[in-house]
Amino acid sequence: MNPRLAIALPLLLGGAVWLTRDFGARQAALWLIGAALGVALLHARFGFTAAYRRLLLERRGVGVRAQLLLIGLCVLAFQPMLAADAGMRGFVFPVGMALLLGAFLFGLGMQLGGGCGSGTLYAVGGGVPRMGLTLLAFIAGATLAAWQSELWSGWPALAPVSLPWALPGSLTVLGIAWWASVAWEKSQHINVQSIPWRGGHAWRGPWPLGWGAVALAGLSVLTLWVAGRPWAITAAFPLWGSHAVATLGWDDPSFWPFWEDPTRVAAWLRPLMADRITVMDLGLILGAMAASGLAGPATWRWPRGGEVLASILGGLLLGLGAVLATGCNISAFLGGVASGSLHGWIWIIPALFGNWLGAWLRPVFRLD
């Protein structure tokens with residue numbers, strides 16, 4: 001058995017048993033859903049960062065169209081589920097200066113750090129050393145934003161807006177974005193790439209991109225049903241960093257205004273493994289580790305000087321941006337749009353500008 005698989009499987013199974021005993025069946029279910037997300041992300045190599053870079057620099061939009069497919073499937077499922085109000089809530093957050101700046105910084109950090117929230121976690125699980133640096137800096141940046149929340153929490157913002165006719169309206173905008181990506185690709189290339197659906201192996205991978213989009217949509221719907229809210233990733237990072245600060249004795253985050261906020265105080269006071277996002281994030285890493293073991297031997301390459309600097313700088317920007325913008329591609333964009341929130345659509349605009357600037361800066365750090 002591959003060593004990565006031999007490590008990941010016992011941890012996943014043992015963790016599920018322990019979580020069931022100490023925190024309940026729902027936490028164990030979210031742990032396993034997170035693992036399944038890690039498998040899908042790694043086998044399909046489903047990422048946002050490279051897809052945006054290819055769209056902006058190469059005018060190839062197949063990766064972005066796979067994202068649009070994922071979002072469209074989630075919109076179709078989320079809207080009736082949220083309308084039924086069976087103990088589930090969507091992500092509907094304000095639009096303001098913090099979101100605009102945070103999304104831009106996050107997009108910039110994506111291209112320098114090498115991944116978004118989900119991409120960083122599954123790459124760490126897949127054994128990419130550089131992304132371990134990005135994740136550590138990601139957590140540090142998110143913790144820094146939480147520590148200094150008084151600097152930005154009072155910036156001007158509109159009240160949260162739930163869009164009327166969210167289902168047909170969102171599908172229409174997604175359709176327009178699909179058409180625009182095809183037209184952009186046609187302007188540069190003779191052929192337009194289609195989302196691949198054929199080939200691949202269910203267990204060993206790799207999966208066609210279409211499989212990945214459908215699998216991630218199904219698991220996102222399952223997350224909404226089990227957790228009672230959409231899939232999220234980055235909200236766990238300031239929590240992890242703040243616990244590290246407290247453990248090391250550097251400060252007492254209990255007195256930070258960020259953790260005194262009524263919407264966050266419960267997360268800070270309860271045990272770390274009682275946090276639903278933490279459990280899913282750790283499960284995702286182990287699921288990606290198991291998938292990489294199933295895929296076969298891996299090639300390890302330690303990061304070079306420019307990559308190290310880019311990972312640290314990019315990770316810090318990712319963490320700062322995610323906290324300011326109330327999320328990343330998953331919670332802010334996917335979760336927001338699927339929930340019918342205006343902030344999801346607004347988030348992607350400055351994020352794309354940040355991605356463009358980051359893609360332009362990559363050669364400075366000698367990134368391929």
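Among the residues making up the range 1-31, those that are at pLDDT 95 or above and of a type in the set (K, R) are R21, R26.
Scanning the range 212-244 for residues that are over 15 Å from the mean Cα position of the chain (by Cα), closer than 23 Å to F106 by Cβ and of a type in the set (G, A, S) yields A227, G241, S242, A244.
Filtering the range 330-343 down to residues that are outside any loop (DSSP other than H, G, I, E, B) and among the hydroxyl-bearing types (S, T, Y), which residue is surrounded by the most Cβ atoms within 10 Å (Cβ to Cβ)? It comes out as S331. Pick from W231, W250, W207, W197: which is under 21 Å from L73 (Cβ atoms), surrounded by fewer than 16 Cβ atoms within 10 Å (Cβ to Cβ) and not small (G, A, S)? Only one candidate passes the filter, namely W197.
Name the residues in the range 213-246 that are farther than 22 Å from M88 by Cβ and free of Cβ contacts under 8 Å to residues at least 60 places away in the same chain, would you?
Answer for the range 213-246, where residues must be farther than 22 Å from M88 by Cβ and free of Cβ contacts under 8 Å to residues at least 60 places away in the same chain: L239, H243, A246.
When the residues of the range 344-362 are filtered to those that are under 14 Å from A322 (Cα atoms) and of a type in the set (A, V, I, L, M, F, W, C), the one that is surrounded by the fewest Cβ atoms within 10 Å (Cβ to Cβ) is I348. Scanning the range 135-188 for residues that are in contact (Cβ under 8 Å) with a residue 60 or more places away in the chain, among the aromatic types (F, W, Y) and assigned to a loop (DSSP other than H, G, I, E, B) returns a single hit, W152.
Here Y52 meets each of (1) surrounded by fewer than 23 Cβ atoms within 10 Å (Cβ to Cβ); (2) out of contact with any Ser or Thr (no Cβ under 8 Å at 6 or more places or on another chain); (3) not in a loop (DSSP other than H, G, I, E, B) with one exception, condition (1). All of L209, L151 fail the test of being in contact with a helix residue (DSSP H, G or I) (Cβ under 6 Å, 6 or more places away or on another chain) and of a type outside the set (G, A, S), apart from L209. Residue-level check: of (1) out of contact with any Pro (no Cβ under 8 Å at 6 or more places or on another chain); (2) within 21 Å of V173 (Cβ to Cβ); (3) in a helix (DSSP H, G or I), G327 misses just (3). For the range 248-277, the set of residues classified as assigned to a helix (DSSP H, G or I), more than 17 Å from T234 (Cα to Cα) and either touching a residue at least 12 places away in the same chain (Cβ under 8 Å) or within 21 Å of the chain's Cα centre (by Cα) (or both) consists of P253, S254, P257, listed by residue number.
The values are calculated or read from the model by the stated rules, or taken from the named source; none is laboratory data. Computed from a predicted model, the values in this text were never measured in an experiment. FYI the Cβ positions are ideal-geometry reconstructions off the backbone, even for glycines, and counts take in every protein chain you see.
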